[in-house]
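This is the structure I want to talk about, given as structure tokens.
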Amino acid sequence: MGRAFEYRKARKLKRWGNMSRTFTRIGKEITIAAKAGGPDPDTNPRLRALMQNAKAANMPKDTVERAIKKATDKEAGDYKEISYEGYGPHGIAIFVEAATDNNTRTVANVRSYFTKHGGSLGTQGSLSFLFDHKCVFKIKPKDGVDVDELELELIDCGVDELDGEQDEEGNEQIALYGAFEDYSNIQKYLEENGFEIISSEFVRIPNDLKDVTPEQREAINKLLDKIEEDEDVQNVFHNMREEE
């Protein structure tokens, strides 16, 4: 099954806790994308993809429009995407991605979470060798398209793993995994060939999962929960093996 399968299983077990947090996370990403590439989704592929994510999450249209407008609002904070890396209790590697308008505040908060829960914040890049930076697309199957043939086509675009799966409602979908830097190539192929993109995201898949005892898991989860509660945090990745 491979590491991507392990990642998917872990993400299904624990997703963002409530709708408002999901909207906040996607909203920040939309604002950052609109600021970087302009507010028109027709000429901004990244914004176009994020609007699909918003649709998949049932994010209200006016909330999306406010997030785009915020990119040109001089009164609004200027979000920067920053990552933090460290070790939690029992040597578990933790990668934190944030979008913040005050890095001093965010790094102080994240450092305090690690310290108070028996971990330590490391330097940027210190854990990059433990995680593969990937892009993930979820698409709807297309009539008359064989999955094996599609995989062969997508290899040239950078896809290194493809798998059929079901969403939470039982609808069939296809998950595509590729290198972080191949995101635009994969998106271009899918759009030009008429595939409906349900969602896309960037993830960090651990190279090696660590086994822990139930007691150790409890201590690690306390730290992970605390980090995820921070309003500046977008994503948290770790190399702890999930419970069966």
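FYI, it's all coordinate maths here, none of it is from the lab. These figures come from a predicted structure and were not determined experimentally. With ideal geometry, Cβ positions are generated from the backbone for all residues, glycine too; neighbour counts draw on all protein chains shown.
I need the phi-derived Karplus couplings for the range 228-233: 6.51 cos²θ - 1.76 cosθ + 1.60, θ = phi - 60°, integer Hz, Gly and Pro marked x.
So the J values, rounded to whole Hz, are 5, 6, 5, 5, 8, 7.
With θ set to phi - 60°, apply the Karplus curve 6.51 cos²θ - 1.76 cosθ + 1.60 along the range 98-107 and write out the HN-Hα couplings as whole Hz, x wherever there is a Gly or Pro.
Listing the rounded values in order: 10, 10, 9, 9, 8, 5, 4, 5, 5, 5 Hz.
Here's something else I'd like to know. Relative contact order for the chain using alpha-carbon pairs under 8 Å, separation at least 6, rounded to a whole percent?
Computed over the chain, the figure is 22 percent.
Given 0.36 nm per residue, what is the gain on full extension from N103 to F202 after removing their alpha carbon distance, in nm?
Numbers: separation 99, 0.36 × 99 = 35.64 nm, distance 2.12 nm.
Length difference between fully extended and current span is 33.5 nm.
Continuing with the same structure: Using the structure shown, list the pairs from K80/K210; K35/K138; K80/K222; K35/K74; K138/K226 with a Cα-Cα distance above 23 Å, or answer none.
From K80/K210; K35/K138; K80/K222; K35/K74; K138/K226, over 23 Å: K80/K210; K35/K138; K80/K222; K138/K226.
Could you grab the relative contact order for the range 127-196? Cα pairs under 8 Å, six or more apart, rounded to a whole percent.
Working: 85 pairs, mean separation 28.1, N = 70.
For the range 127-196, the relative contact order is 40 percent.
Once amide H atoms are placed 1.01 Å from N in the peptide plane, what residues at a sequence separation of 5 or more from K210, or on another chain, have their amide H within under 5 Å of its amide H?
For K210, the qualifying residues are M240, R241.
How big is the dipole moment of the chain about its Cα centre under a simple scheme where the beta carbon of each Lys and Arg is +1, that of each Asp and Glu is -1, and everything else is neutral? Debye, nearest 20, please.
Using only the charged Cβ atoms, the result is roughly 1240 debye.
At what distance in angstrom do the alpha carbon centres of the range 122-144 and the range 26-89 lie from each other?
19 Å
Taking amide H atoms as placed 1.01 Å from N in the peptide plane, list the residues 5 or more away in sequence, or in a different chain, whose amide H sits under 5 Å from that of E196.
Residues meeting the criterion, in which the H sits 1.01 Å from N, are K140.
So, one more: Below 18 Å, Cα to Cα, which lysines can K134 reach? Residues fewer than 8 away in the same chain don't count.
In chain and number order, the partners are K9, K12, K188.
Suppose R0 equals 41 Å. What FRET efficiency, 1/(1 + (r/R0)^6) with r the Cβ-Cβ distance, do K61 and E215 give to the nearest 0.05?
With R0 = 41 Å, the Cβ-Cβ based efficiency is 0.30.
Let me ask you something else. Along Cα→Cβ, 7 Å out, is where each label goes; now give me the distance between the ones at M19 and H133 in nm to one decimal.
With each label point 7 Å from Cα toward Cβ, the separation is 3.4 nm.
In addition: If amide hydrogens are placed 1.01 Å from N in the peptide plane, which non-local residues have theirs closer than 5 Å to the one on D160?
Residues meeting the criterion, in which the H sits 1.01 Å from N, are Y177, G178, A179.
What is the pair-distance distribution P(r) of the range 140-244, computed from all Cα-Cα distances in 10 Å bins starting at 0, with each bin given as a whole percent?
11, 34, 29, 20, 6, 0
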